[in-house]
Amino acid sequence: MAPKLESEQALVDALAHAFYEVVDTKYRTACTLTASVSCMVLRHFGLDAQLAPCQVWCSLPHHNYVVGFVGNAPQDGKWDGHVVCTTGKLLVDASLFHFQQEFSLETPWVAAVQRIPVPSQMIARHELAADQTLKWLYPPPESDTRYPEVPQTLVQELAGRLIERLQAQGLTSQAAG
């Protein structure tokens, strides 16, 4: 099983690195779109990838900043949730730009991290610095986790571009397994 994790991690890392070289940066906060694109790409390469609604926290020593399921009133074109792409062992979040846009916090535009391997309220975590941690948690109880629909033609177009880029780097469906 260790070789599968290594190749799965390599594929997800390659996706994360290439994501905004191919996808227009205007989608940096479009979590449903970016997660859908990530899932389609990973499925193409043979991984079981799913959309996973969640909260994402950026924790600093004296304050937590939270994106998704924070109790905001419904607005046209704005969902109060957050969604990422997950595999059995990994999580890909390509819409962390929310932290820069909303809180002026520096975070990577894309995170590709290992999931917590035991049952927990936390899906994954990633240390950005000694005093800054990203944490992905399941939505609070009774949250409306129905994420908005995204245009499938756009998802297919963007995923196709990423697949071409990754294949040009030598990745094949065997890279996933």
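Residues in the stretch 28-39 that are in contact with a Ser or Thr (Cβ under 7 Å, 6 or more places away or on another chain) and more than 24 Å from Gln9 (Cβ to Cβ): Thr29, Ala30. Any residue that is at pLDDT below 95 and closer than 20 Å to Asp24 by Cα - is there at least one of those in the stretch 88-98? Scanning the stretch 88-98, I find at least one residue that is at pLDDT below 95 and closer than 20 Å to Asp24 by Cα, so the answer is yes. The single condition among (1) of a type in the set (A, V, I, L, M); (2) free of Cβ contacts under 8 Å to residues at least 40 places away in the same chain; (3) touching a helix residue (DSSP H, G or I) at 6+ places or on another chain (Cβ under 7 Å) that Val70 does not satisfy is (3). Of everything listed in (1) modelled with pLDDT of 95 or more; (2) among the charged types (D, E, K, R); (3) buried (at least 18 other Cβ atoms within 10 Å of the Cβ), the single unmet condition for Lys26 is (3). Summed over the stretch 81-139, the residues that are among the hydroxyl-bearing types (Ser, Thr, Tyr) and touching a residue at least 40 places away in the same chain (Cβ under 8 Å) give a count of 5. When residues of the stretch 41-99 are filtered for being surrounded by fewer than 21 Cβ atoms within 10 Å (Cβ to Cβ), small (Gly, Ala, Ser) and assigned to a strand (DSSP E or B), how many remain? Adding up the residues that qualify gives 1. Can Ala18 be described as at pLDDT 95 or above, open to solvent by less than 30 Å² (accessible area, probe 1.4 Å) and either in a loop (DSSP other than H, G, I, E, B) or out of contact with any helix residue (DSSP H, G or I) (no Cβ under 7 Å at 6 or more places or on another chain) (or both)? No.
The values are calculated or read from the model by the stated rules, or taken from the named source; none is laboratory data. Keep in mind the model is a prediction, meaning the values are calculated, not measured. Using ideal geometry, Cβ is built from the backbone for each residue, glycine included, and neighbour counts are taken over all protein chains shown. Heavy atoms of the whole protein, side chains included, go into the accessibility calculation; ligands, DNA and RNA do not. Shrake-Rupley method; radii C 1.70, N 1.55, O 1.52, S 1.80 Å.
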